[in-house]
Structure formats: structure tokens, C-alpha cells
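Have a look at the structure below before the remarks.
The values are calculated or read from the model by the stated rules, or taken from the named source; none is laboratory data. Computed from a predicted model, the values in this text were never measured in an experiment. All Cβ positions, even for glycine, are placed from backbone atoms using ideal geometry, and neighbour counts span all protein chains on display.
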Amino acid sequence: MSDLSIDNLSMDDLNKSRQPVELSRCSQLLNHGPVTLVTSAHSGRRDVMAASWAMALDFDPPKVIVIMDSNTLTRELVDASGEFGLQLPLRAIAEQTLAVGSNSGKDLDKFAAFNLNTFPSQKIAAPMIEECAAWLECKVIPDASDRYDIIIAEVIAAYSNAEVYTDNRWHFGDNPLNRTMHYVAGGQFFATGESFQVEASEKI
Ligand SMILES: Cc1cc2nc3c(=O)[nH]c(=O)nc-3n(C[C@H](O)[C@H](O)[C@H](O)COP(=O)(O)O)c2cc1C
């Protein structure tokens, strides 16, 4: 494990307080394109996988698209339950994010194998992962076309880690562990960088 592993975190390093995000604004949580974790549960089985291909689709009611490979256990549980948790892992759990994206829950309980801390979701059966920047609870919208492993879902609950997102604004601080991540391939990630503000000019 690197120095930036969860093992080196004290409970104070991450402020676990969660606060609701207005559903009409929850698309903002995905606008910067972070890697996500998809949690699922059905009939006594549960799973978690990494998903880079997740994006906002609509404001009201809020909808998201996530590409979920039909060969995964996640897809099996999502198809069976009609719901899933979508969350933005912090850099603190980068290694676990890669691990749950590189191993199938068909072979092991990834929550236990990779020491993932969970808490109960509000409106769905799937557990949510603690060390995240934001969480979306999603209900699948059935799509008869069944093309390209696309899952479309309505977001029915959204909340954020108050340490990094409040009042519809991201405010990543100095702690390098408290950043969302962007995945490339082969274990390479970027941490979300500095934000900057521009004013929209009327004419250019
Ligand atoms: C960082 C990362 C991002 C990934 N993004 C996706 C994705 O967007 N869609 C997908 O179907 N698989 C994606 N994968 C692969 C799945 O996470 C992987 O197939 C996983 O082992 C499935 O686990 P499961 O069988 O327990 O559901 C990604 C893997 C990694 C490491």
C-alpha cells in the first residue's frame, strides 16, 4: 500500500458527515467526469464494481447513464433488483477502486476482501461505500432496446460528503486524499485538479 492508502487515514482525515443534494442539481456531481463505484444487492448477494463510463442524462427528474458490461455480477444484480448505488470514490480508496474494477464478485466478496466500509442507503437495498465524495441512489428505467450495455436510471436520492461538496459547489481542500479521481487505464488515475472561475462574457 502507498502512503496515500486508507491505512494511513485517521478518522479525522475524512469528514464523514453527509448532507442532501437537491435532486435537480445532482447532475453537477458527475459533470467533471469522475470514476464511480456501482454497488448492487439482490436476494442476499451484494457487489461493487468500478465504472468510468457514468454520466448525467437529464435534470428533472434527474437521470444518469452507466455502461455496465453484461458479463459482470453487478449487471446481474442490477438487472434483477432494478436499482444500484452510484458513488464517487475519494483518492483515499484508489487502490480499492482499482481492485473492485479488476476482480469479479462472482469469485469473492469484494467488500470484505478489500476492506470497504459501508453504510445503509436510504431508498435502495444496495449498501453505499463510506470513503466517497458523493452518493446517488438510482432506480433503473427499463429499456427494451437493450443495446450497448447501457443502463439508464433515475436518481431518487443524492447526498454529498460535506468536506468536499456543499451548497451545490465542489470545494476540495488541501488533503490530497480528499479528491475525486479520473481513470485512464493500467492503474493510472488523475486526481481532480484545481477549480477556477470565469465570467460569461456577452460578446467575444
Ligand atoms: C477504473 C475502472 C473503471 C471501469 N469502468 C467500467 C465501466 O464503466 N463499465 C464497465 O462495465 N466496467 C468497467 N470496469 C470494469 C469492471 O469494474 C470489472 O469488470 C469488474 O470486475 C466487474 O465486477 P463484478 O463482476 O463484480 O460486477 C472498470 C474497471 C476499472 C478498474
- Please go through region 97-122 and pick out each residue that is of a type in the set (A, V, I, L, M) and in a loop (DSSP other than H, G, I, E, B). Leu108, Leu116
- When Ser70 is evaluated against the numbered criteria (1) surrounded by fewer than 21 Cβ atoms within 10 Å (Cβ to Cβ); (2) over 23 Å from Glu154 (Cα atoms), which criterion, by number, is the only one it fails? (2)
- Message: Looking only at region 189-204, filter to residues that are within 17 Å of Asn31 (Cβ to Cβ) and among the polar types (S, T, N, Q); which one of those is surrounded by the fewest Cβ atoms within 10 Å (Cβ to Cβ)?
- Response: Gln197
- Query: Among Ala125, Ala94, Ala134, which is the only one that is in contact (Cβ under 8 Å) with a residue 24 or more places away in the chain and in a helix (DSSP H, G or I)?
  - Reply: Ala94
- Quick one: which residue in Ala125, Ala144, Ala134 is surrounded by fewer than 22 Cβ atoms within 10 Å (Cβ to Cβ), at pLDDT 95 or above and aliphatic (A, V, I, L, M)? Ala125
- Note on the structure: Expected single match for within 23 Å of Ser81 (Cα to Cα), surrounded by fewer than 16 Cβ atoms within 10 Å (Cβ to Cβ) and free of Cβ contacts under 8 Å to residues at least 12 places away in the same chain among Asp149, Asp174, Asp107, Asp167 is Asp107
- Query: Going through region 18-64 one residue at a time, which ones are among the hydrophobic types (A, V, I, L, M, F, W, C), within 15 Å of the ligand (Cβ to nearest atom) and buried (at least 18 other Cβ atoms within 10 Å of the Cβ)?
  - Reply: Leu30, Val35, Leu37, Val38, Ala41, Val48, Met49, Ala50, Ala51, Ala54, Val64
- Message: Quick check on region 179-190. Is at least one of its residues hydroxyl-bearing (Ser, Thr, Tyr) and in contact with a strand residue (DSSP E or B) (Cβ under 6 Å, 6 or more places away or on another chain)?
- Response: yes
- Message: Based on this model, can you work out whether Gly186 counts as within 13 Å of the chain's Cα centre (by Cα), farther than 21 Å from Gln28 by Cα and of a type in the set (Gly, Ala, Ser)?
- Response: no
